[in-house]
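Novice: Questions regarding the structure given below will be posed in turn.
Values in this text are rule-based calculations from the coordinates and carry no lab data. Only a predicted model underlies this, so the values are computations on that prediction, with no experimental measurement involved. Cβ placement follows ideal geometry from the backbone for every residue including glycine, while neighbour counts extend to all protein chains displayed.
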Amino acid sequence: MDVVAHVLWATAAAAAARCRFRTPIHLGWTAAAAALPDLVPFAGPAVIRVSRLLTGAASSLLPDGSGPRFDWVWGVYNATHSAVLFGAVFALVWFLRKRPPLEMLGWALHIATDIFTHTGIFAVRFLWPWSPARFDGIRWETPWLLAANYAALGAAWLWLWWAGRVRGRASC
């Protein structure tokens with residue numbers, strides 16, 4: 001799934017949970033946690049590639065062999081998409097803060113949806129570092145899946161808006 005969809009789904013889920021369970025969940029931190037698994041490995045290389053293009057050091061954003069290699073990205077990608085690593089970090093933060101960090105569930109939702117919407121080199125090794133197991137899902141860029149995903153997101157956010165109007169904004 002793309003980063004925007006991850007952020008929208010996690011924020012919608014957190015907003016719904018916040019209303020339903022009357023528990024404080026910071027939506028901004030949830031959005032950040034949902035974006036983290038993709039931003040950590042890919043933001044640095046993206047900035048470098050764009051800056052090389054803008055300065056004329058490269059003629060394209062695509063790798064042409066003249067710029068830096070980013071082989072390390074795949075190790076970081078495996079780590080940020082690992083349910084094992086997520087569980088360890090979640091448990092550590094829970095222990096340190098003395099309460100479950102519900103905002104971090106945006107990261108867990110990111111991993112869960114990527115397992116089924118990634119294939120090939122992006123297939124998620126969700127048990128990393130314990131196992132190289134992965135599932136070849138359906139590419140999130142597949143037109144019908146992309147359309148269904150954003151239609152469902154639209155419906156979810158419309159429902160949240162409607163539910164907030166019916167209940168009154170102060171109740172959530």
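Novice: So which helices of the chain fit the span-like rule, where a helix is a whole DSSP H run, its Cα atoms reach 24 Å or more along the axis, and its mean Kyte-Doolittle is at least 0.0?
Specialist: Those that pass (Cα extent of 24 Å or more, hydropathy at least 0.0) are 3-21, 27-54, 143-167.
Novice: Once the Cβ-Cβ distance between Ala152 and Ala57 is put in as r, and R0 is 41 Å, what FRET efficiency do you end up with, to the nearest 0.05?
Specialist: E(calc), rounded to 0.05, equals 0.50.
Novice: Measure off 7 Å from each Cα along the Cα-to-Cβ vector at Ala16 and Val84, then give the distance between these two points in nanometres to one decimal.
Specialist: Going from the Ala16 label point to the Val84 one covers 3.1 nm.
Novice: Place the peptides 138-151, 19-32 in order of packing, highest mean first, counting for every residue the other Cβ atoms within 10 Å and averaging per peptide.
Specialist: 19-32, 138-151
Novice: Provide Rg and Dmax in Å for region 88-163, with only Cα atoms included in the calculation.
Specialist: 16.0, 44
Novice: About its Cα centre, how strong a charge dipole does region 3-171 have in debye, to the nearest 20, once Lys and Arg get +1 and Asp and Glu get -1 at the Cβ?
Specialist: 820
Novice: If you don't mind, another one. Distance from a point 7 Å along Cα→Cβ of Ile138 to each backbone N in region 1-25: keep the residues under 20 Å and list them by number.
Specialist: Correct set: 1-10.
Novice: At a 10 Å Cβ-Cβ cut-off, how would you order Asp64, Asp71, Asp114, fewest neighbours first?
Specialist: Listed from fewest to most nearby Cβ atoms, that is Asp71, Asp64, Asp114.
Novice: Can you compute the helix-only [θ] at 222 nm over the chain? Use -39500 (n - 2.57) per DSSP H run of at least 4 residues, normalise by all residues, nearest 500 deg cm²/dmol.
Specialist: -21500 deg cm²/dmol
Novice: While we're here: When ranked by the protection proxy of mean other Cβ atoms within 10 Å per residue, highest first, what sequence do the peptides 92-98, 106-112 form?
Specialist: Taking the mean over residues of other Cβ atoms within 10 Å, the ranking is 106-112, 92-98.
Novice: So, one more: Projecting each Cα onto the charge dipole of the chain (Lys/Arg +1, Asp/Glu -1 at the beta carbon, about the Cα centre), which of Trp29, Asn78, Ala5 comes out farthest on the positive side?
Specialist: Toward the positive end, the furthest listed residue is Trp29.
Novice: Name the residue farthest towards the positive end of the dipole of the chain from the options Pro63, Leu109, Ala16, assuming +1 on Cβ of Lys and Arg, -1 on Cβ of Asp and Glu, about the Cα centre.
Specialist: Ala16
Novice: What is region 3-171's relative contact order, in percent, from Cα pairs under 8 angstrom and six or more apart in sequence?
Specialist: 25
Novice: Could you point to the residue in Leu39, Pro143, Trp162 farthest towards the positive end of the chain's charge dipole, with +1 and -1 charges on the Cβ of Lys/Arg and Asp/Glu respectively?
Specialist: It is Trp162, whose Cα lies furthest towards the positive end.
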